[in-house]
Structure formats: C-alpha cells, structure tokens
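Participant: After the structure tokens below, expect a handful of questions from me.
The values are calculated or read from the model by the stated rules, or taken from the named source; none is laboratory data. Just so you know, these numbers come straight off a predicted model, no measurement behind them. Using ideal geometry, Cβ is built from the backbone for each residue, glycine included, and neighbour counts are taken over all protein chains shown.
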Amino acid sequence: MLTELAPLLANVGGAVSLEGIAKPDLNFIDWSIMAIYLAFVIGIGFALKKYMNSAEDFFLSGRSIPGWVCGLAFISANLGAQELIGMAASGAEYGIMTSHFYWVGAIPAMVFLGIFMMPMYYGSKAKSVPEYLKMRYNEPTRVFNSVSFAFMTVASSGISMHALADLLHTLLGWPYAVSLIVTSAIVLAYVLKGGLSSAIYNEVLQFFMIVFGMAPIAYIALKDIGGWEGLMVKLHASPAGEGAVHSWAQTGDLHNPLGVPWYGILFGLGFVLSFGYWTTNFAEVQRALAANSMGAARRTPIIGAIPKMLFPAIVILPGMIAYGLTSDSVAGGYSIPIKDGALNYNQVLPSMIFHYFPNGLLGLALTALMASFMSGMAANVTAFNTVWTYDLYKTMKPNQTDKELLAMGKYATVFGIIAAMGFALVASKYNNIMSILQLVFGFVNAPLFATFLLGMFTKRSNSSGSFWGLVVGTATAVTFHGLSYATGNAPGLKGAWITPVKAFEFPKEMSQGFWVAIVAFSTTFLVNLVISLLTKRTKTDAELAGLVYSLTPKHRDENEPWILRPAVMGSIVMIAVVALNIYFW
Amino acid sequence: MDLRLPIGYVFSIYGLMLAGYGVFTNGEAKSLNIKILGMNVNTFWGLVMLVFGLLMLFFAKKAKNQG
C-alpha cells in the first residue's frame, strides 16, 4: 500500500522494473556526458572541502547559503527517482488528477512552511527538526522523532541506491554490486568532503540536469500526438475518458481515477499528508536552515514552490501523452510496454526516452535520471548525519568538543552510506521491503505533523500531551490499517491484517492511504489537546518565546524589495496555483 | 564559491558537445524528423544549454566584479 504516495511520503526510489525494454544503444557522446557530470559532482565536493572548519560548517553550511540556492536545493532534495519515474507513471494511470500531488499536495504546504513555520525553525537556532521538538516539548519526544527519522532516512537512501543500481544494471549491463558500490562511493565522496554545502550545491546542479534532461521529452512527445488538441482528442476517446482530462470535475464522488472525493483530496492529501511531509521532514527543512538570513530561510520553500508548480509539464504530461498514444496506437509508434498482460506504467518514462531520443539527448536524459537518484540519496544522508550527531550522539555524550562532533559527523556519513547499502541489498532480495517502509513512514508522519501543529501554534500543548498523542495516534494508524482494505486486495501487507471491516472498505489503495493518514492525524491532535488541557503547562511563556508563533517576534522585512517579501511571494504563488487548478478543473 | 561558476561551465561544455554532435551527425528518424529553427533536436537543445551556461558564467563574473 501507499506505493502511489511514495513521492509524497518518502523520497525513495522504487525498484523500477525495466524488463521488456530494449537496451539503449549508447555511444561516446552519451558516456562523455555522464563522465563530465560525475567529475563535476565530485569536484564540487573537493572544492568545498576547505570551507569545512567546524561542525556548523559541515552540518549546516555555516548558515551561509543564498536563498535561491537553498530554494532550488529544497526542491531538488525531493526530486528522487519516484518523482520522475513515479509521477510519469501516475500521469499515465490517473491523468491530470496526478497534478493534485503538486498543486494541492505540495505548494500550499511549502508556502505555509515559509511564511509561518520558518520563523520558529530558523529563529530558535535549532540545528535539526528533532532539536526543535526537544526545545518545545522534552527529550522523549525528540528521541521518538530522531530515532524514527534516522531509520527512515537510511532506509530511503538505501532504496534509492537499489533503484539506481538496478537501473544501471538493466540499462548499461553493469553488475548490480559494481553499480551499488560506484554510486555509493560517488555520493560518499562529495558529502564527506563538503558536508551539507556540497550536497546543496550538487542538488542545484542536479536540478538543472533534470530540467534539461527531461524537458525535451514533453516537447517531442507532444509533437507526436498532434499537440495539446491532439492529446485531448485521444484522451477523450480513450477508456479513461473525461477522468483523464479533469482535475476536479469528477471528484463529487468516488468515481474518478484516484477513487477519492474532493474532501478526501483536500484534507487527506492537501493537509495531513502534504503538510506532514513538507513541514516536518528534516531532509527538506535542513535546506532552509542553511540559508544566510531569516528572510532567505523563509523564502527557501517559496522559491522551491515555483519550479514545483511547473514540474507537471515535464513529468505528468509525458505520462498522459503515453496513455493517449497507447490507447490509439499505430504500428511503429510509441506505446506503453506490457508486463503480465497489463500496461506497465513504471516503464513510461524510460521507454519514452529510448523511443524518442537520439544519442546525445539520450545521454543527457540518463544522466538526469542518475542525478535524480543521487540528489535524493545525498539529501537523506546529510539529514541522517546531522540527526545522528546532534540528536542521538550528543544526547548520550553531551560534553563533546566541536572537533569531536565534526569527526562524528564524518563517521556518521560513512556509517549511513554503508547501512544504506545494506538496505539496498535487502531491498534487492525482498520486493515488499519498500511497501513496509512506506507503511511505517505513513504511520509516523501524520501524528508527527499534528504534534508540530499544536506545538508551534498553541502555548497550551505540553510534553505529556505530545508524547501520548504520538503514541496513541501511531497505534491508531496501525490499527486502522489492520482493519481497512482496498476493494480487491486480500488481507495482508496492504491492509485488513487484523480483520477486514466492511465499513472500512475503500475503492482504491490511494483513498485507503489518505484515510489512514486522516485518522492518525485526528487522533493525535485530539489526544494531545485533551491531555494538555487536563494537565499542567510544563513551560512558561518566557521559555516558549521563539518556539510558538504567538510568542515569536515577527520578522521585519521592510528593508527587502517588496517582491522578495515571503508574504508577497507566497501570495503570488498561491494565486498562480489556484489559477492552475481552475484552468484544469 | 559562487555556484554559478560550476553550473555555467557544465552547461557550456554540454551545450558545445551536444550542438557540435548534432551538426556532425545531421543525417538516422529517431526524433520524429523534428526541425526547430532548421536544426535537429540535438543542435537546438545544445545551443539552449550553451546560452544558459554562458549566462550563468556572465552573472558569476558580474557578481565577482561588484565584489
């Protein structure tokens, strides 16, 4: 379950089965493009080595990075393999409704993070999201978050490694173990040398690689189908019909490609899942914490929201075109590969690359795919080494010098990469591992968001409420999953493993995932609120200054050009996203 | 380190490589016989990347001159 939610829930790369696709015929130009990219990626790490003089330099870039760099790194950290391959697959399977993962399930949360939450994250001087939880609540809440987060980042990184090694093995014929070691060594080299700065700088390079590598697909494929009008004609005539071309018009009931009504999309995806991911995931927030000023930190997620808003044009549109071409295919033309008698949506993007791109563009696109895996991997590794060093190691050994923390950060980077390789090997043996991990992440994420929401925006929420809210909310999520199921699924990993309850039957796994998150969030919120109101406050207003919105001095941005003020930028982005939703209604 | 420098160099090199390759292999259908401004897709996209790379280098140099 939740595999479709992967781009949102975890930046992991699935095992992208490429059986049935002919291997591309690469030549010297393609290999040269890949080699130059790898040389620059490692070179950036070595060039930044001289700036790594303290733990703060290594873990937080000395809070010296310009806003535009942090903004592009913020979005690139999320551009894992699932973003490209998974969203193109969803575009083919669900049509334009896939845009909800961007225009409802990402942009509002990113704008909210920039305007309302970054003042507390950045202003509190917390080095990590778990450290903020310690300052706001207590040590057990921090440990709960840091242990679950450290485990998930290593696991996510490992699955990204597995997906990349699998891709290189299938496409280029490299042995799996060699692919795994080479890709791990490259990420290790540049993160170990240049710390977070190196990861962020490379993420920006990777962002442009992905845009330049993938954009031509949409253009060439759109030409193939006869332009936008040709696409609409084919989709209207296809079995998906109206459902493929409207994002909201079909959401009055469950009979739409996602199987979710409008209120489920708004509350489940647009609020619980997206805010849970974008506002509490340290791998994302860390990019904003590296910014060189409060204004830059607040602008970071809003700058990231601009390309995020436009990304459907290069990931969802090719998927929709692939479905349109397949539904009315001609001999020699493009059609989605078949696996076990059904359309294999995961092959949409790789198969389009091989079908449409001559050598040259082919090398560029494969390098872009490689870049997408690496950016997700490095984001997780840098988040892991910070959480391990500051939230777990320093808690156990509080009197460490700056040099010792820096050394531990480097050890943690090596350990994180090796542990991730271990996960990659496990993932290569057991196909279910990714579903299990995403399940665990889904159980933890929604309760965590409820805890943050109450912690940042109410003075009354206390440590007893937060701890029991997290425990009861997570247990409720697990129980609800054990009772619910999607139509057609047998009891097991995908739900109903306690007993199937008819009242909790959902038309699709997607809608089941949304409701598990909604139940988890609501339970945590209520338990936290009730226990906090029934017990004494544990922190005074003075102790909560800078940690709770009403007690945090408002950031003055009169000195900044009006267009760069977070509230102005955020408003423009939100108006644009509402316009896009109306246009594709 | 100004990030625009490595990005500028990477995309200038890529642009030159791709545009040059497109010119020398301007023969072999793979990309739907598309011509953009009279160029094949490799040449056109290579020039786009070259312009992007040079712009990045220009802004990096301008920022350096302004201190």
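Participant: So how many residues does segment A:64-119 have that are closer than 19 Å to A:Glu560 by Cα and more than 14 Å from chain B (Cβ to nearest Cβ)?
Facilitator: Let us first name the residues in segment A:64-119 that are closer than 19 Å to A:Glu560 by Cα, namely A:64-71, A:111, A:114-116, A:118-119.
From what's left, more than 14 Å from chain B (Cβ to nearest Cβ): A:111, A:114-116, A:118-119.
The total comes to 6.
Participant: Any residue in segment A:442-455 that is small (Gly, Ala, Ser) and on the phi > 0 side of the Ramachandran plot?
Facilitator: No: zero hits.
Participant: Go through (1) surrounded by 22 or more Cβ atoms within 10 Å (Cβ to Cβ); (2) in contact with a Gly (Cβ under 9 Å, 6 or more places away or on another chain) for B:Met39 and report which single condition fails.
Facilitator: (1)
Participant: Something else about it: Need the failing condition index for B:Asn33 against (1) more than 8 Å from every other protein chain (Cβ to nearest Cβ); (2) in contact with a helix residue (DSSP H, G or I) (Cβ under 9 Å, 6 or more places away or on another chain); (3) outside any helix (DSSP H, G or I), just the number.
Facilitator: (2)
Participant: Based on what the data block shows, is A:Ile498 surrounded by 14 or more Cβ atoms within 10 Å (Cβ to Cβ), β-branched (Val, Ile, Thr) and more than 29 Å from A:Phe457 (Cα to Cα)?
Facilitator: yes
Participant: Among the candidates A:Leu529, A:Leu547, which residue alone is surrounded by 17 or more Cβ atoms within 10 Å (Cβ to Cβ), among the hydrophobic types (A, V, I, L, M, F, W, C) and assigned to a loop (DSSP other than H, G, I, E, B)? Before you say what the answer is, go through the steps one by one.
Facilitator: On the way: A:Leu529 fails: assigned to a loop (DSSP other than H, G, I, E, B).
Unique residue meeting the criteria: A:Leu547.
Participant: Here's another thing I want to ask about it. Taking A:Val41 as the residue in question, decide whether it is surrounded by 24 or more Cβ atoms within 10 Å (Cβ to Cβ), within 11 Å of another protein chain (Cβ to nearest Cβ) and within 21 Å of the chain's Cα centre (by Cα). Steps first, answer last, please.
Facilitator: Details: surrounded by 24 or more Cβ atoms within 10 Å (Cβ to Cβ): yes; within 11 Å of another protein chain (Cβ to nearest Cβ): yes; within 21 Å of the chain's Cα centre (by Cα): no.
So A:Val41 fails the test.
Participant: Where in segment A:220-291 are there helices (runs of 4 or more DSSP H), lying fully within it, with 1 or more residues that are within 14 Å of chain B (Cβ to nearest Cβ)?
Facilitator: Output list reads A:227-237, A:282-289.
Participant: Now for a different question. Testing A:Asn344 on (1) crowded, with 19+ Cβ neighbours inside 10 Å; (2) in contact with a Phe, Trp or Tyr (Cβ under 9 Å, 6 or more places away or on another chain), one condition comes back false. Which one is that?
Facilitator: Result: A:Asn344 passes all but (2).
Participant: Something else now. Name the pairs: first residue in segment A:328-347 and over 16 Å from A:Ala89 (Cβ atoms), second residue not charged (D, E, K, R), Cβ to Cβ under 7 Å, at least 6 apart or on different chains?
Facilitator: Matching pairs, first to second residue: A:Asp328/A:Ala237; A:Ser329/A:Ser335; A:Gly333/A:Leu325.
Participant: Just checking, which of B:Gly8, B:Gly15, B:Gly46, B:Gly22 is touching a Leu at 6+ places or on another chain (Cβ under 7 Å), of a type in the set (Gly, Ala, Ser) and at the interface with chain A (Cβ under 9 Å from one of its Cβ atoms)?
Facilitator: B:Gly46
Participant: Here's another thing I want to ask about it. What number of residues in segment A:446-463 are within 15 Å of A:Thr552 (Cα to Cα), in a helix (DSSP H, G or I) and among the β-branched types (Val, Ile, Thr)?
Facilitator: Residues flagged as within 15 Å of A:Thr552 (Cα to Cα), in a helix (DSSP H, G or I) and among the β-branched types (Val, Ile, Thr) within segment A:446-463 amount to 0.
Participant: Can you name the residue in segment A:361-409 that is among the β-branched types (Val, Ile, Thr) and assigned to a helix (DSSP H, G or I) and is also surrounded by the most Cβ atoms within 10 Å (Cβ to Cβ) among such residues?
Facilitator: The extreme case among them is A:Thr382.
Participant: For B:Gly53, are the conditions met, namely being surrounded by fewer than 16 Cβ atoms within 10 Å (Cβ to Cβ) and more than 8 Å from every other protein chain (Cβ to nearest Cβ)?
Facilitator: On the way: surrounded by fewer than 16 Cβ atoms within 10 Å (Cβ to Cβ): no; more than 8 Å from every other protein chain (Cβ to nearest Cβ): yes.
No.
Participant: Hey, another quick one. On the given criteria, is A:Ala297 over 18 Å from the mean Cα position of the chain (by Cα), surrounded by fewer than 24 Cβ atoms within 10 Å (Cβ to Cβ) and either within 14 Å of chain B (Cβ to nearest Cβ) or not β-branched (Val, Ile, Thr) (or both)?
Facilitator: Details: over 18 Å from the mean Cα position of the chain (by Cα): yes; surrounded by fewer than 24 Cβ atoms within 10 Å (Cβ to Cβ): no; either within 14 Å of chain B (Cβ to nearest Cβ) or not β-branched (Val, Ile, Thr) (or both): yes.
No.
Participant: Considering only segment A:257-304, how many residues are within 24 Å of A:Ile518 (Cβ to Cβ) and in contact with an Asp or Glu (Cβ under 9 Å, 6 or more places away or on another chain)?
Facilitator: 7
Participant: Taking the options A:Thr141, A:Thr98, name whichever one is hydroxyl-bearing (Ser, Thr, Tyr) and closer than 24 Å to A:Gly469 by Cβ.
Facilitator: A:Thr141
Participant: Also, I was wondering about something else. Of the conditions (1) of a type outside the set (S, T, N, Q); (2) in contact with a Pro (Cβ under 7 Å, 6 or more places away or on another chain); (3) at pLDDT below 90, A:Gly95 fails just one. Which one is it?
Facilitator: Of everything listed in (1) of a type outside the set (S, T, N, Q); (2) in contact with a Pro (Cβ under 7 Å, 6 or more places away or on another chain); (3) at pLDDT below 90, A:Gly95 misses just condition (3).
Participant: What are the residues in segment A:8-55 that are modelled with pLDDT of 60 or more, more than 20 Å from B:Ala19 (Cβ to Cβ) and among the aliphatic types (A, V, I, L, M), if any? Please lay out each step first, then the result.
Facilitator: Going through segment A:8-55, the residues modelled with pLDDT of 60 or more turn out to be A:22-55.
The next check asks that each one be more than 20 Å from B:Ala19 (Cβ to Cβ); those that pass are A:22-25, A:38-39, A:41-55.
Of everything in segment A:8-55, those that are modelled with pLDDT of 60 or more, more than 20 Å from B:Ala19 (Cβ to Cβ) and among the aliphatic types (A, V, I, L, M) turn out to be A:Ala22, A:Leu38, A:Ala39, A:Val41, A:Ile42, A:Ile44, A:Ala47, A:Leu48, A:Met52, A:Ala55.
Participant: Could you look through segment A:477-493, keep only residues that are in contact with a helix residue (DSSP H, G or I) (Cβ under 8 Å, 6 or more places away or on another chain) and surrounded by fewer than 21 Cβ atoms within 10 Å (Cβ to Cβ), and pick out the one that is farthest from A:Gly259 (Cα to Cα)?
Facilitator: The residue in question is A:Val478.
Participant: State yes or no: is A:Ser522 outside any loop (DSSP other than H, G, I, E, B), surrounded by fewer than 16 Cβ atoms within 10 Å (Cβ to Cβ) and either in contact with a strand residue (DSSP E or B) (Cβ under 9 Å, 6 or more places away or on another chain) or modelled with pLDDT of 90 or more (or both)? Break it down into steps so the answer makes sense when it comes.
Facilitator: Working: outside any loop (DSSP other than H, G, I, E, B): yes; surrounded by fewer than 16 Cβ atoms within 10 Å (Cβ to Cβ): no; either in contact with a strand residue (DSSP E or B) (Cβ under 9 Å, 6 or more places away or on another chain) or modelled with pLDDT of 90 or more (or both): yes.
So A:Ser522 fails the test.
Participant: Return the residue satisfying two criteria in turn: it lies in segment A:210-246 and is under 25 Å from the mean Cα position of the chain (by Cα) and modelled with pLDDT of 90 or more, and of such residues it is surrounded by the most Cβ atoms within 10 Å (Cβ to Cβ).
Facilitator: Going through the qualifying residues, I end up with A:Gly213.
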